[in-house]
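First up is the structure itself, then whatever we jot down about it.
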């Protein structure tokens, strides 16, 4: 079936979302939203049973169960996954795992601290932009939102399903976004993340899924042509073009 959006249009949408996120970062909306749940004494819902045990711990475990199921479905597909080719099922789990890996890598490198570490909420850290890459006096490693990636990581399935069913693709996308925002909101209410942390995680997971799907569509013959173009040419051995009778004319007569 015809895809609802071309790859180029999806790239434009991705760029527009990036610009919107950059505009968000230029405001103070993160702190305003954080103050809905936190005060100078901290965040009252940090140890809330529903947010911590169900949505945080339970959500993380459920995400890994889903990832395991998708991995097994590469060889033993079930349900709707039977409608996908084996390479598409591979793409589904690979895009999910790569998205989680990208978010985790950036988080491990980021010096930005979580809201509950900031002095405005009873901590010791200063509030700095997560793009400043400067130490804020806190524990750091809080940007982007790792827990939200437990839901957002699966948005890559949208790019696969849209080649088969627009309805399934739309529902898959909505479910992945709902899971990501629910888990992200739970962490924001606990003081573990700002809203921008969740939004950037969603954008990163979407971009990873789009990049992998775009790379998969590049014909292998074109990749081979690019590889040859970048390969240095080797000198060809010299060829003797003398006619064969010249050798006979100059050779001594046989004995």
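Details
Quick grid of which residues meet (1) surrounded by fewer than 24 Cβ atoms within 10 Å (Cβ to Cβ); (2) out of contact with any helix residue (DSSP H, G or I) (no Cβ under 8 Å at 6 or more places or on another chain); (3) under 17 Å from residue 63 (Cα atoms):
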position: 125; (1), (2), (3): yes, no, no
position: 150; (1), (2), (3): no, no, yes
position: 171; (1), (2), (3): yes, yes, no
position: 176; (1), (2), (3): yes, no, yes
position: 184; (1), (2), (3): no, no, yes
position: 187; (1), (2), (3): no, no, yes
position: 207; (1), (2), (3): yes, no, no
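- The range 35-63 residues that are on the phi > 0 side of the Ramachandran plot and surrounded by 13 or more Cβ atoms within 10 Å (Cβ to Cβ), paired with ones that are assigned to a helix (DSSP H, G or I) and at pLDDT 95 or above (beta carbon under 8 Å, 6 or more apart): 42/116; 42/121
- The range 25-132 holds helices (runs of 4 or more DSSP H) entirely within its bounds, and those carrying 1 or more residues that are out of contact with any strand residue (DSSP E or B) (no Cβ under 8 Å at 6 or more places or on another chain) and within 30 Å of residue 163 (Cα to Cα) map to 59-73, 86-109.
- Residue under evaluation residue 139, criteria (1) surrounded by 22 or more Cβ atoms within 10 Å (Cβ to Cβ); (2) touching a helix residue (DSSP H, G or I) at 6+ places or on another chain (Cβ under 9 Å); (3) outside any helix (DSSP H, G or I), criterion not met: (1)
- So residue 145, is it surrounded by 20 or more Cβ atoms within 10 Å (Cβ to Cβ), part of a helix (DSSP H, G or I), at pLDDT 95 or above and in contact with a helix residue (DSSP H, G or I) (Cβ under 9 Å, 6 or more places away or on another chain): no
- Residue match in the range 139-157 (condition: in contact with a strand residue (DSSP E or B) (Cβ under 9 Å, 6 or more places away or on another chain) and under 30 Å from residue 40 (Cβ atoms)): yes
The values are calculated or read from the model by the stated rules, or taken from the named source; none is laboratory data. Being a predicted model, the structure only gives us computed values, none of them experimental. A quick note on method: Cβ atoms are made from the backbone with ideal geometry, for glycine too, and the neighbour counts reach across all protein chains shown.
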